[in-house]
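> Here it is, the structure, as structure tokens.
A short reminder: the numbers here are calculations on the coordinates, not readings from a lab. Here the structure is a predicted model, which is why all the values come from computation and not from measurement. Cβ atoms come from the backbone with ideal geometry, glycine included; neighbour counts cover every protein chain shown.
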2 protein chains.
Amino acid sequence: MTKLHDDIILMGQRGKQAAIETAQLSIEDRNTVLLAFANAIQAKTDKILQVNAKDVAEYRQTLSLTMQKRLELTPIKIADMINSLRALAKLPDPLADRDEQWQAAAGFKIVKKIVPLGVVAMVYEARPNVTVDAAALAIKSGNAIILRGGKEAIRTNSFIADILRKALNQLNYSEDFIQLITDTSHDSVDELLHLRKYLDLLIPRGSGSFINHVVKNAAVPVIETGAGNDHIFVDQSADLEQAIKIILNSKVQNPSVCNSAEKLLIHAEIAHEFLPKLFSSLIEAGVEIRGDEKTIQIDHRAQAATDADWDTEYNDLIIAVKVVSGLDQAIDWISQHTTHHTEAILTKSAENTEKFMNNVDAAVVVENASTRFTDGFEFGFGAEIGISTQKLHARGPMGLSALTSYKYEIFGHGEVRK
Amino acid sequence: MTKLHDDIILMGQRGKQAAIETAQLSIEDRNTVLLAFANAIQAKTDKILQVNAKDVAEYRQTLSLTMQKRLELTPIKIADMINSLRALAKLPDPLADRDEQWQAAAGFKIVKKIVPLGVVAMVYEARPNVTVDAAALAIKSGNAIILRGGKEAIRTNSFIADILRKALNQLNYSEDFIQLITDTSHDSVDELLHLRKYLDLLIPRGSGSFINHVVKNAAVPVIETGAGNDHIFVDQSADLEQAIKIILNSKVQNPSVCNSAEKLLIHAEIAHEFLPKLFSSLIEAGVEIRGDEKTIQIDHRAQAATDADWDTEYNDLIIAVKVVSGLDQAIDWISQHTTHHTEAILTKSAENTEKFMNNVDAAVVVENASTRFTDGFEFGFGAEIGISTQKLHARGPMGLSALTSYKYEIFGHGEVRK
């Protein structure tokens, strides 16, 4: 066994120990920790920016502009982190007040008690804000966390994790509430995938292929998040002016995220009228358009889409357009290409909406609104762990309760089974 | 690709198609199906017994007595199946009346809608009653199911599946609500483990090592069930007469199941008084006792336990006993050897119960009652899918709601994100 293997086992053991402590903190104590984090980050803002500048400088040549933007911290981004911590401290306790209890026929009392999951791990790309965010969400819900961020952010992540661990130490808590894996090789991820005895949940955040790798290889429980090849179907009866606004917002407002639209399906009956207007707006907004044969026949400003396009999440200012014969073909097409994230219909037909919503298998199905609303804050959850594209445990935008489970407590008086 | 691979893909596709249909059945229609199943089984009782007799005859030499009992159907067991179907038809709809809805700050309406999972697979041992039970639970909750039972029961399972499929056909429903895999090689299980595009859940039922194999190798979502290395800790303050009754019931009432007790931890202060009395009762009930060194010193009727004993689920009339210094050692020991199923404390100290329940990480933690109460029917759920030993989605005894998920439906009026 390698040193890395032993190191990660040790982190698992320390995490389990820490999780017993976090699970028993009162909500006041958990919130005190979050506020201490906020103060500690605030006091070290300049230092964090200095350390982050080194990470950014090292990867300026090799990272895409989008990835650079994610890696780079600014005073505003750090202020956002601090505000998020303080806002999180104000949210209700995800462990409180939801216990159910009843008396079994055999006589004993059963309490269904909400409990933290225990030890949660998060594997993510070079986004240092996730380090703070994930640690805070874990502690708010009574969990310990093991973090494994992208290699490009290793200086920033290590520095931030140190700040948080010192804040824990000053409050006389175990520093192991938060542990950061500093080995940024693939091996450390693979060790986490098999840390079954100690990890209660692993949440991967990153590219679709990375998440696929995790889901296929993990022996630990995983929540799939984030892959979003989101479609918008524009029905024959759609309000076409409104449709252009919704499509533009869904594609352009933040193209690098999983709830941005990637594909358009256009009802054949309106394609000739609608596509030229739509394309003018998209091109003006800097969007590259790819299309199927019929689309290009109608408006040659679209380039030919390849087979691969229909399953690609661009996360960029690109969109692919297909003309469909109607609702049924749209549903069939989506069922072949959906990542089960967000799928939208623009229509005036309540009947078509109902059929679309019943037959499309996605976490969020949308009628006449932007796909960008698939978001924990927009939903009013006050926090977001990620967006689950699986059906077990948690689906769609996940609030703090996604980091909880329950246990049954039986209080007996000598009952035996007949 | 093999023919088996193609066959199972095809079953996945058919399952998905069927699941669209099952999801839209009213609760009245789903209950009608269950009652039709009951009538069809009843009409074919004699034939089922004849077919089952062939399975039993073939494996009389090779199966353990316990396994033979599970494989063998009797008129009483078939009457139980029929009664279970009729009782299930009377249970409330797991898809009904739990939808939440609210208005988002941006204006649109969000409906959190309870939906079936879709296509569920169950892999199980040679227990033909599971074929009926699993199919019925799936349909009651609006799902389609793919069944893969043990090879010893293949004639019985095929015959029963045919009866159920014909009943569906007579009601003009798709027979593919229920599909049975007749290939009983390991390959068919491995194909299921990778049927990611079509399976929404796989539930393995069987030995601990089989479930481990499934969890480690599955790319599809899995709920771990059933492994139960359940401990009872007898505290210093326990009512010792009551303790003997609870231990006997926990071990003897049905030793082959996951909620039977497998290990005893005895507080050192009471061991000399308690063990001889306990052992006399256990031996009288036919239980073989294994013990650690201290146990054997106190009562030599226990044989020496090996290291492997402490992690073995006997599922038989065997129990292993260890003397511990007190609550803390009991908790530590359990944390090393628990399968997170059911763990019990016998005590008069509410303080010790609280510490035990907070620190022992199991689906069900029990004070002063039999471990055998970890059961969906005893809990009052009216049905049981299995007993989950994981923390995500469902934990402990699972009722029908474990076979449901939810989706978010957004109803907008042109809203876009700011």
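> Would you work out which of A:Ser349, A:Leu400, A:Thr371 lies farthest towards the positive end of the dipole of segment A:323-407? Charges go on Cβ: Lys and Arg +1, Asp and Glu -1.
With unit charges placed on the Cβ atoms, the residue in question is A:Leu400.
> Here is a further query. Nothing charged except the Cβ atoms of Lys and Arg (+1) and of Asp and Glu (-1): what's the magnitude of the dipole of the protein assembly as shown about its Cα centre? Round to the nearest 20 debye. Numbers along the way, then the final one.
Working: 88 positive and 110 negative charges, 55 e Å.
I would put it at about 260 debye.
> While we're looking at this one, here's another question. Once amide H atoms are placed 1.01 Å from N in the peptide plane, what residues at a sequence separation of 5 or more from A:Glu288, or on another chain, have their amide H within under 5 Å of its amide H?
Amide H to amide H, under 5 Å and 5 or more residues apart or across chains, A:Glu288 pairs with A:Ile318, A:Ile319.
> Using a 7 Å offset from the Cα along the Cα-to-Cβ direction at both A:Ser207 and B:Glu28, what is the distance between the two label points in nm, to one decimal?
It is 5.4 nm.
> Now for a separate question. Assuming R0 = 30 Å, what is the FRET efficiency of A:Thr45 and A:Leu10, from their Cβ-Cβ distance, to the nearest 0.05?
Numbers: r = 32 Å, r/R0 = 1.08.
Taking R0 as 30 Å, the efficiency between A:Thr45 and A:Leu10 is 0.40.
> Tell me, Kirkwood radius of chain A from alpha-carbon pair distances, in Å? Show your work: numbers first, answer last.
Values: mean 1/r = 0.0429 Å⁻¹.
Hydrodynamic radius (Kirkwood, Cα only) of chain A equals 23.3 Å.
> Determine the distance separating the Cα centre of segment A:360-405 from the Cα centre of segment A:143-206; give it in Å without decimals.
24
> Let me check I have the definition right: for segment A:102-154, take the eigenvalues of the Cα gyration tensor, multiply each by 5, take square roots. What are those semi-axes in whole Å, largest first?
So the equivalent ellipsoid measures 38, 9, 6 Å along its semi-axes.
> Given 4 °C and 1.567 mPa s, how large is the Stokes-Einstein diffusion coefficient of the protein assembly as shown in µm²/s, with Rh as the Kirkwood radius over Cα pairs?
45
> Further, regarding this structure: By the scheme Lys and Arg +1, Asp and Glu -1, what is the net charge of all other residues having a beta-carbon under 11 Å from that of B:Thr312? If you can, show how the numbers build up before the last one.
Working: positive: B:Lys263, B:Arg290; negative: B:Glu262, B:Asp307, B:Asp309, B:Asp311, B:Glu313, B:Asp316.
With Lys, Arg at +1 and Asp, Glu at -1, the net is -4.
> Using the 7 Å Cα-to-Cβ label point, sort the distances from B:Lys355 to its equivalents in the other copies shortest first and give them in nm to one decimal.
Here the equivalent label points are 6.6 nm apart from this one.
> Continuing with the same structure: Can you quote the Å³ per residue value for the convex hull of the Cα atoms in segment B:239-291, rounded to an integer?
On the way: hull volume 4.4 nm³, N = 53.
Cα convex hull per residue, to the nearest whole number: 83 Å³.
> Sort out for me the Cα centre separation of segment A:258-294 from segment A:15-29, rounded to whole Å.
Cα centroid to Cα centroid, the span is 51 Å.
> On to the next question. Specify which residue in the list A:His231, A:Ala79, A:Gln329 is farthest towards the positive end of the charge dipole of the protein assembly as shown, using unit charges on the beta carbon of Lys, Arg (+1) and Asp, Glu (-1), about the Cα centre.
Most positive-ward Cα: A:Ala79.
> Could you tell me the convex hull volume per residue, in Å³, taken over the Cα atoms of segment A:233-359?
92
> Chain A: which residue's Cβ hugs the A-to-B rotation axis most tightly, distance rounded to whole Å?
With distances in whole Å, chain A gives A:His393, 2.
> Starting at the first residue of segment B:40-47, write each ³J(HN,Hα) from the Karplus equation 6.51 cos²θ - 1.76 cosθ + 1.60 with θ = phi - 60°, in whole Hz, x for Gly and Pro.
5, 5, 4, 5, 10, 3, 4, 4
> Measure nothing but the geometry: give the 0 to 90° angle between the long axis through the Cα atoms of A:350-359 and the longest principal axis through the Cα atoms of chain A, rounded to 10°.
Rounded to the nearest ten degrees, it is 50.
> May I pose another question? Checking the a/c ratio against 1.5 first, then a/b against b/c, what shape does the Cα gyration tensor give for segment A:164-318? Each step should come with its number before you reach the end.
Values: a/c = 3.36, a/b = 2.46, b/c = 1.37.
Prolate is the answer for segment A:164-318, as a/c is 1.5 or above and a/b outweighs b/c.
> Identify all aspartates and glutamates with a Cα-Cα distance to B:Lys294 below 17 Å; exclude those on the same chain that are fewer than 8 residues away in sequence.
Once the sequence-local aspartates and glutamates are set aside, what remains near B:Lys294 is B:Asp235, B:Glu269, B:Glu273, B:Asp307, B:Asp309.
> Can you give me the long-range amide H partners of B:Phe381? Hydrogens built in the peptide plane at 1.01 Å from N, cutoff under 5 Å, separation of 5 or more residues or another chain.
For B:Phe381, no residues qualify.
> Would you mind computing, in nm to one decimal, how far apart the modelled labels at B:Asn169 and A:Asn217 are, each placed 7 Å from Cα along Cα→Cβ?
4.7
> If the cut-off is 19 Å between C-alpha atoms, which aspartates and glutamates fall inside it for A:Lys90, apart from same-chain ones fewer than 8 positions away?
A:Glu28, A:Asp29, A:Asp80, A:Asp133, A:Glu378, A:Glu384
> A further question on this structure: Roughly what angle does helix B:208-217 make with the longest principal axis of chain B, taking Cα atoms, 0 to 90 degrees, to the nearest 10?
So the helix axis and the longest Cα principal axis differ by about 50 degrees.
> Taking θ = phi - 60°, what integer Hz values does the Karplus form 6.51 cos²θ - 1.76 cosθ + 1.60 yield along segment B:118-125, in sequence order, with x for Gly and Pro?
The phi angles translate into x, 10, 10, 10, 10, 10, 8, 7 Hz.
> Another question about this same structure. Peptide A:219-232: average number of partner chain Cβ atoms within 10 Å per residue?
The shielding value for this peptide is 1.
> Can you tell me how segment A:1-122 classifies by the Cα gyration tensor, rounded, prolate or oblate, using a/c under 1.5 as the rounded cut?
Working: a/c = 2.79, a/b = 1.77, b/c = 1.58.
Because a/c hits 1.5 or more and a/b exceeds b/c, segment A:1-122 counts as prolate.
> By how many nm would the segment from B:Leu240 to B:Ser325 grow when fully extended, if each residue of separation counts as 0.36 nm and the alpha-carbon distance is taken off?
Extra length available between B:Leu240 and B:Ser325 comes to 28.9 nm.
> Let me ask you something else. Which ³J(HN,Hα) values, rounded to whole Hz and listed in residue order, are derived for segment A:380-389 from phi using the Karplus coefficients 6.51, -1.76 and 1.60 in 6.51 cos²θ - 1.76 cosθ + 1.60 with θ = phi - 60°, glycine and proline given as x?
x, 7, x, 7, 9, 7, x, 10, 7, 10
> If you place +1 on the Cβ of every Lys and Arg and -1 on the Cβ of every Asp and Glu, how big does the dipole about the Cα centre of segment A:1-110 come out, in debye to the nearest 20?
Numbers: 15 positive and 14 negative charges, 74 e Å.
I would put it at about 360 debye.
> Take peptide B:331-342, look around each residue's Cβ out to 10 angstrom, count Cβ atoms belonging to other protein chains, and average those counts. Mind dumping the intermediate values first?
Working: counts 1, 0, 0, 0, 3, 1, 0, 0, 0, 2, 0, 2.
The shielding value for this peptide is 1.
> In this model, which of A:Lys112/B:Lys112; A:Lys44/A:Lys140; A:Lys277/B:Lys407 are farther than 27 Å apart at the alpha-carbon?
A:Lys277/B:Lys407
> Taking B:Ile76 in one copy and the same position in all the others, each labelled 7 Å out along Cα→Cβ, what are the pairwise distances from the first, in nm, shortest first?
7.6
> Residues with amide H under 5 Å of A:Leu180's amide H, sequence separation 5 or more or different chain, H placed in the peptide plane at 1.01 Å from N; which?
Placed amide hydrogens put A:Leu147 under 5 Å from A:Leu180.
> Quote the Stokes-Einstein diffusion coefficient, in whole µm² s⁻¹, for segment B:93-195, based on the Kirkwood radius over alpha carbon pairs, a temperature of 10 °C and a viscosity of 1.306 mPa s.
Result for D is 103 µm²/s.
> Go through segment A:332-383 and name the trypsin sites (Lys or Arg not before Pro) that are in a DSSP coil and have 14 or fewer other Cβ atoms within 10 Å of their Cβ.
The qualifying sites are A:Lys348.
> For peptide A:397-408, what's the mean number of Cβ atoms from other chains within 10 Å of each residue's Cβ?
Counting Cβ atoms of other protein chains within 10 Å of each residue's Cβ and averaging gives 3.
> If you don't mind, another one. What are the label-to-label distances in nm, one decimal and shortest first, from A:Asn169 to the same spot in the other copies, with labels 7 Å along Cα to Cβ?
Counterpart label points of A:Asn169 in the remaining copies fall at 7.3 nm.
> Using a Förster distance of 35 Å, how high is the FRET efficiency between A:Arg86 and A:Gln303, based on the Cβ-Cβ distance and rounded to 0.05?
Values: r = 47 Å, r/R0 = 1.35.
Here the calculated transfer efficiency is 0.15.
> Tell me what the protein assembly as shown gives for mean residue ellipticity at 222 nm when only DSSP H runs of n ≥ 4 count, each as -39,500 (n - 2.57), the sum divided by the residue total, rounded to 500 deg cm²/dmol.
Calculated at 222 nm, the ellipticity per residue is -13500 deg cm²/dmol.
> While we're here: Name the shape class, rounded, prolate or oblate, that the alpha-carbon gyration tensor gives for segment B:295-413, where a ≥ b ≥ c are the square roots of its eigenvalues, rounded holds for a/c under 1.5, and otherwise prolate holds if a/b is larger than b/c and oblate otherwise.
It is prolate, given that a/c is not under 1.5 and a/b is the larger ratio.
> Separate question: Pull up the cross-link candidates among the aspartates and glutamates for A:Lys166, meaning alpha carbon to alpha carbon under 15 Å and not fewer than 8 places away within one chain.
By straight Cα distance, A:Lys166 reaches A:Glu175, A:Asp176.
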